[in-house]
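Visitor: Following this message is one structure expressed as structure tokens.
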Ligand code: PMP
């Protein structure tokens with residue numbers, strides 16, 4: 001039984017229902033008399049669980065049949081290199097929207113493998129805003145564009161995406177399943193599981209059939225998307241237990257009313273917290289433009305070092321954890337993924353109010 005209010009940015013909390021089911025399956029998976037950890041990944045009950053996880057994703061995100069859902073090893077960071085390996089093999093260019101550290105990492109990996117350009121960047125403002133796209137920016141249909149939909153470290157989130165004349169690849173690690181997606185706009189979506197999908201150790205990739213046909217066919221088998229499409233995410237031993245946590249978490253999500261229901265609650269949670277930061281004399285939002293603010297990762301600072309210290313102590317005393325800003329940024333970051341309830345956010349807000357009264 002957890003005893004803390006955990007607002008970590010990832011790995012992040014999942015619902016208790018998910019933990020119970022996962023714990024049960026460690027002892028006896030689906031009444032098989034075996035732990036899920038000791039069953040072959042080729043056994044029908046495991047291959048069907050992986051396929052059902054893909055189906056659940058498909059139905060929750062209303063994906064058309066042209067999209068393949070994969071569960072891969074290597075986290076989102078491996079996608080930073082798999083994308084250019086597969087799709088930056090001619091004289092084409094990968095255009096990157098550099099809106100945070102993860103986006104910069106994605107660009108760096110691509111630049112090691114092919115031609116890249118910066119589509120837009122907010123590095124000059126320490127990624128505290130979303131840059132404007134230049135109208136005259138030139139793209140070739142063989143190029144691709146790469147976005148990070150939610151900048152986990154800095155607390156900014158794109159609310160919509162322009163359409164491009166070339167494929168759009170998107171890192172949705174920290175906001176997938178938090179709201180409905182315009183799935184047709186994206187040729188490739190990827191997301192590390194450890195925030196809104198399941199346990200760490202697996203990365204979800206959603207890839208379009210048309211894009212797949214354009215890939216480089218002369219690359220290592222494990223790094224070729226087609227390998228994993230062909231073998232339904234089980235070319236080699238997949239991270240079965242991590243995928244299983246995705247499976248039960250996606251079932252939980254469907255039971256809550258799916259991404260539409262999540263969007264409503266996520267908005268409520270984020271609005272409540274942003275309103276309190278704006279109201280409370282001790283705190284300041286890191287992201288000034290309200291339209292650029294993330295609904296998933298709320299970043300803020302205290303007005304003085306003393307106020308920061310007092311608030312940290314208050315949180316410790318009241319069992320609130322995971323609110324420190326990213327190690328290179330400082331301040332505070334409260335992550336509001338799907339499993340975080342409005343009650344938990346209100347509890348944190350009460351502690352913020354109580355801290356203010358101490359001054
Ligand atoms: N992209 C984003 C937006 C992230 O927040 C993170 C951190 N979880 C990553 C990529 C890197 O993910 P991973 O640790 O799974 O490689």
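Visitor: Could you figure out which of (1) over 18 Å from the mean Cα position of the chain (by Cα); (2) within 24 Å of residue 204 (Cα to Cα); (3) in contact (Cβ under 8 Å) with a residue 60 or more places away in the chain isn't true of residue 281?
Guide: (2)
Visitor: Can you pull out the residues in segment 179-200 that are buried (at least 21 other Cβ atoms within 10 Å of the Cβ) and in a loop (DSSP other than H, G, I, E, B)? Lay out the reasoning, then the answer.
Guide: Narrowing segment 179-200 to residues buried (at least 21 other Cβ atoms within 10 Å of the Cβ): 181, 186-198.
Of everything in segment 179-200, those that are buried (at least 21 other Cβ atoms within 10 Å of the Cβ) and in a loop (DSSP other than H, G, I, E, B) turn out to be 181, 186, 187, 193, 194, 195, 196, 197, 198.
Visitor: Being without any contact (Cβ under 8 Å) to a residue 24 or more places away in the chain and not in a helix (DSSP H, G or I) is the filter; apply it to segment 293-335 and report the residue that is farthest from residue 351 (Cα to Cα).
Guide: 327
Visitor: May I ask you to list the residues in segment 114-137 that are in a loop (DSSP other than H, G, I, E, B), closer than 12 Å to residue 98 by Cα and free of Cβ contacts under 8 Å to residues at least 24 places away in the same chain?
Guide: Of everything in segment 114-137, just one residue is in a loop (DSSP other than H, G, I, E, B), closer than 12 Å to residue 98 by Cα and free of Cβ contacts under 8 Å to residues at least 24 places away in the same chain, namely 132.
Visitor: Are there any pairs, at least 6 apart or on different chains, whose C-beta atoms fall under 8 Å, with the first in segment 200-219 and under 14 Å from residue 183 (Cα atoms) and touching a residue at least 24 places away in the same chain (Cβ under 8 Å) and the second assigned to a loop (DSSP other than H, G, I, E, B) and within 16 Å of the ligand (Cβ to nearest atom), and if so, which?
Guide: Close Cβ pairs satisfying both conditions: 206/186; 208/186.
Visitor: Tally time: how many residues in segment 1-56 are more than 30 Å from residue 344 (Cα to Cα) and either touching a strand residue (DSSP E or B) at 6+ places or on another chain (Cβ under 9 Å) or in a strand (DSSP E or B) (or both)?
Guide: Within segment 1-56, residues that are more than 30 Å from residue 344 (Cα to Cα) and either touching a strand residue (DSSP E or B) at 6+ places or on another chain (Cβ under 9 Å) or in a strand (DSSP E or B) (or both) number 3.
Visitor: Taking residue 274 as the residue in question, decide whether it is touching a strand residue (DSSP E or B) at 6+ places or on another chain (Cβ under 8 Å) and in a helix (DSSP H, G or I).
Guide: Yes; evaluated as a whole, the condition is true for this residue.
Visitor: Just name the residue that is surrounded by the most Cβ atoms within 10 Å (Cβ to Cβ) out of those in segment 95-116 that are under 13 Å from residue 143 (Cβ atoms) and more than 21 Å from the chain's Cα centre (by Cα).
Guide: Out of the qualifying residues, it is 116.
Visitor: Another question about this same structure. Can you tell me which residue is surrounded by the fewest Cβ atoms within 10 Å (Cβ to Cβ) among those in segment 57-74 that are out of contact with any helix residue (DSSP H, G or I) (no Cβ under 6 Å at 6 or more places or on another chain), in a loop (DSSP other than H, G, I, E, B) and touching a residue at least 40 places away in the same chain (Cβ under 8 Å)?
Guide: In this case the residue turns out to be 64.
Visitor: So which residues in segment 138-158 are part of a loop (DSSP other than H, G, I, E, B) and more than 16 Å from the ligand (Cβ to nearest atom)?
Guide: Scanning segment 138-158 gives 138, 139, 140, 141, 142, 143.
Visitor: Out of segment 20-40, which residues are within 30 Å of residue 152 (Cβ to Cβ) and either within 16 Å of the ligand (Cβ to nearest atom) or surrounded by fewer than 16 Cβ atoms within 10 Å (Cβ to Cβ) (or both)? If you could, list the steps in order and put the result at the bottom.
Guide: Taking segment 20-40 and keeping what is within 30 Å of residue 152 (Cβ to Cβ), we get 20-23, 25-26, 36-37.
Within segment 20-40, 20, 23, 26, 37 qualify.
Rule-based calculations on the coordinates, nothing more; no lab input. Not measured: the values here are computed from a predicted model. Because the Cβ atoms are built from the backbone with ideal geometry, glycine has one as well, and the counts that use them run over all protein chains shown.
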